[in-house]
Amino acid sequence: FRSVMAGWCEGFGIVYLEALACGVPVVGSKVDGSRETLRDGALGVLVDPTDNEEILQGILKALHHPRQVPSGLDYFSIQNFEQRSHDIVNALRAP
């Protein structure tokens with residue numbers, strides 16, 4: 001199975017993270033929150049949701065992508081999220 005959700009209104013896209021955590025290649029949109037979730041294409045294929053040919057090519061690319069959990073998915077781990085949050089707070093507190 002592959003996950004394709006090339007919309008233009010997705011806020012973040014937890015479903016992408018769920019699919020990626022299961023090793024499912026995904027196709028998402030270049031124009032909404034999917035872009036952030038897929039780390040600008042590092043974790044999945046990004047397409048223009050108004051371009052049918054680009055969607056088709058993205059699907060074909062995902063179909064040929066091996067089923068595996070991408071190494072960059074740990075960016076979204078609780079430990080990394082916590083560290084980024086601490087870094088922001090510390091930067092704001094710095095003189």
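The values are calculated or read from the model by the stated rules, or taken from the named source; none is laboratory data. In this text, all values refer to a predicted model and were calculated from it rather than measured experimentally. In this analysis, Cβ positions are derived from the backbone assuming ideal geometry, glycine residues included, and neighbour counts consider all displayed protein chains. All accessible areas refer to the heavy atoms of the entire protein, side chains included, with ligands and DNA or RNA removed. Shrake-Rupley method; radii C 1.70, N 1.55, O 1.52, S 1.80 Å.
Structure notes:
- Filter result (among the hydroxyl-bearing types (Ser, Thr, Tyr), under 11 Å from the mean Cα position of the chain (by Cα) and not in a helix (DSSP H, G or I)) within the range 3-31: 29
- Test: residue in the range 25-35 that is among the small types (Gly, Ala, Ser) and surrounded by fewer than 16 Cβ atoms within 10 Å (Cβ to Cβ): no
- Restricting attention to the range 36-57, the residues that are part of a helix (DSSP H, G or I), open to solvent by less than 90 Å² (accessible area, probe 1.4 Å), in contact with a strand residue (DSSP E or B) (Cβ under 8 Å, 6 or more places away or on another chain) and not polar (S, T, N, Q) total 2.
- Test: residue in the range 71-85 that is open to solvent by less than 50 Å² (accessible area, probe 1.4 Å), under 16 Å from the mean Cα position of the chain (by Cα) and without any contact (Cβ under 8 Å) to a residue 12 or more places away in the chain: yes
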